[in-house]
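Please read the structure below before turning to the comments.
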Amino acid sequence: YKGNLMSFAKGEGADHAAKALDKKAKEDNEKLGGKRIETVEDRMKKITAVLAPSLQKEMTSLQVLDYICGQGDRKLGNYFVEKEGDKYAHVHGIDNDMSFGTGIDLAAEIEDSRGFGIDAGMQKILPVVGLKGELTIPYMDKQLAKNIVDLSADEIRFALKDLLAPQFIENTVARLKMVQDAIKKEEQGFDSPRFREDNEWDDTTAEDMVKKSGD
């Protein structure tokens, strides 16, 4: 038999965290008599009660990694969330068999999908690198950004040479360069407020991401 040997991902399906958020929202709504329309502040209270700041960092890091690897199937059922204490604190991507495909510029692909009956949900995706080559995600782990900039195309080619056909390796190299160029576009470099240290993920960054995502 041929296959890949992998350790089993820790945690539980992301729907568990979603259900925990729904439960908290229901409890809060009952306290208010079911009459109040949920505000951003209401949503933030339930989010910070269930999700740890470290999850913000790991979710955005997974998003960046998925972009470079061409993972086009990171839906709710394809990652696990792991608890630390009473909060969900870590994320583990699973079901990665849609990675390393032929697509390169996700922002352009999303733009091309408009008006052609493609799922409207896809058009709401933040593709990490936008149509103008800019970073679209509000925040990014600073050390990850530095590591990406330092990564060379030859290192990617060496790591993948026995795993993928040359075309798919070069597609990965192209996506890497797009992310590198987007990071380098930041006017303040690594001092940009977009890049965050481990201790800089908090309620403020969570609220900002919720507001900018519109979801």
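Which whole-number percent gives the relative contact order of the chain, counting Cα pairs below 8 Å spaced six or more residues apart?
24
Rounded to the nearest 10 Å², what accessible area does THR204 show when all protein chains are kept and the probe is 1.4 Å?
So the heavy atoms of THR204 present about 90 Å² to solvent.
By how many nm would the segment from GLU41 to LEU76 lengthen if fully extended, with 0.36 nm per residue of separation less the alpha-carbon distance?
Residue separation times 0.36 nm, minus the Cα-Cα distance, leaves 10.2 nm.
How far, in degrees from 0 to 90, does helix 53-69 lean away from the longest principal axis of the Cα atoms of the chain, to the nearest 10?
Compared with the principal axis, the helix lies near 30 degrees.
Rounded to the nearest 20 Debye, what is the dipole magnitude of the chain about its Cα centre when Lys and Arg each give +1 and Asp and Glu each give -1 at the C-beta?
In total the dipole reaches around 380 debye.
How large is the accessible surface per residue of the chain, computed with a 1.4 Å probe and reported in Å² as a whole number?
63
Looking at the chain as a GNM with Cα springs under 10 Å, which of ASP42, ASP66, ASP162 has the largest mean-square fluctuation?
Among ASP42, ASP66, ASP162, the largest mean-square fluctuation in the Gaussian network model of the chain belongs to ASP162.
Let me know the volume per residue of the alpha-carbon convex hull for the stretch 152-215, in Å³.
147
Quick one: P(r) of the chain from all Cα-Cα pairs, 5 Å bins, percents rounded to integers, in order of increasing distance.
1, 6, 12, 16, 19, 17, 14, 8, 4, 2, 1, 0, 0
Got a number for carbon plus sulfur as a percent of the chain's accessible area, 1.4 Å probe?
53
Given the options LEU164, LEU135, LEU176, which has the most mean-square fluctuation in a GNM of the chain, springs set between C-alpha atoms less than 10 angstrom apart?
Checking each option, the largest mean-square fluctuation is seen for LEU164.
Take the chain, connect every pair of alpha-carbon atoms lying under 10 Å apart with a spring to form a Gaussian network, then pick out the residue of GLU197, GLU134, GLU155 with the largest mean-square fluctuation.
Evaluated over the chain, the most mobile residue of the options is GLU155.
The values are calculated or read from the model by the stated rules, or taken from the named source; none is laboratory data. Please read these numbers as outputs of a predicted model, since none were measured by experiment. With ideal geometry, Cβ positions are generated from the backbone for all residues, glycine too; neighbour counts draw on all protein chains shown. Side chains included, ligands, DNA and RNA excluded: accessible areas come from the protein's heavy atoms. Shrake-Rupley method; radii C 1.70, N 1.55, O 1.52, S 1.80 Å.
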